[in-house]
Amino acid sequence: MLRLNFPLSATVLSAIALTTLGALSGCSDLGKSYRQIDPAGALADIRKHNGYDSAKSVTPGTAKLIVRGNGPRDVAFSTSSTENACEGFKPLATVHDAGRGVVYPWIADLSPGKGFAAIDLTPGQSVVVRADSSWTGYIATGNMSSTSPGHCGPHYAKFTPLANRAYIVEVNWAGNDCSQQILDATDPDAPLPVTAEAFPSCAKR
């Protein structure tokens, strides 16, 4: 029995990457990742699509929130600044890592969606960021196939942004498990962890 734990789009991209890296780069580069073939180009592509560049341009007098997912699964982010932290969430974006730095940019561009999203925040006003991920796994047995749903989250992170600071809220993956963390990325080369504020747990789905 073959179980595929990644979304179909990621599986297709991986197959494309394996068959095109060698063909486009020559036999000497067969099996190498894009960052191994062109380190500078790969780094620039990663930073363009993971919020690094965005963190360096905060509108004076505001704060910036950047959300991103460090993995191939879609992560839906939403935010709330209501008194009841479990209500009033507004969708922000659905993001995922398309393999930047591993596959060529044009291959990553075939993946729908984006690697990050950014919005301005009001300094001094607490915000709750919710991250949630759902996917469908595919199981093949002989000539038969079936689907198996998966889910991680929702995770909640509450913090109070300061003026002229950039914050990254990211979801990291370990297999089918995910976790969320907050970083002060005003200096994106040296991001610092931000402790999430305590607030009542919201009911999970």
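About the Cα centre of the range 69-205, how large is the charge dipole given +1 on each Lys and Arg Cβ and -1 on each Asp and Glu Cβ? Please answer in debye to the nearest 20.
That gives the range 69-205 a dipole magnitude of about 320 debye.
Distance from the Cα centre of the range 162-188 to that of the range 31-109, in angstrom?
Computed from Cα coordinates, the inter-centre distance equals 10 Å.
Give me the extension gain from K32 to Q181: residue separation times 0.36 nm, minus the current Cα-Cα distance, reported in nm with one decimal.
Working it through step by step, the gained length comes to 50.6 nm.
V102: net charge of surrounding residues, Cβ under 14 Å, Lys/Arg +1, Asp/Glu -1, itself excluded?
Local charge sum for V102: -2.
Where a Cα-Cα gap under 29 Å defines reach, which lysines qualify for K158, not counting those fewer than 8 residues away within the same chain?
The reachable lysines, counting only those whose Cα sits under 29 Å from K158, are K48, K56, K64, K90, K114, K204.
By how many nm would the segment from D109 to Q125 lengthen if fully extended, with 0.36 nm per residue of separation less the alpha-carbon distance?
Roughly 2.2 nm would be gained on extension.
At each listed q (0.13 Å⁻¹), what is the log10 of I(q)/I(0) that the Debye formula gives for the range 45-191 modelled as equal alpha-carbon point scatterers?
-0.61
Stretched out fully, how many nm does the piece from S134 to A163 gain, at 0.36 nm a residue minus the Cα gap?
Difference between extended and current length: 7.1 nm.
Read the figures in this text as sums done on the coordinates, not as results from a lab. Owing to the predicted nature of the structure, the values given are computational and were not obtained by experimental measurement. For neighbour counting, all protein chains shown are included, and Cβ atoms are generated from backbone atoms with ideal geometry for every residue, glycine included.
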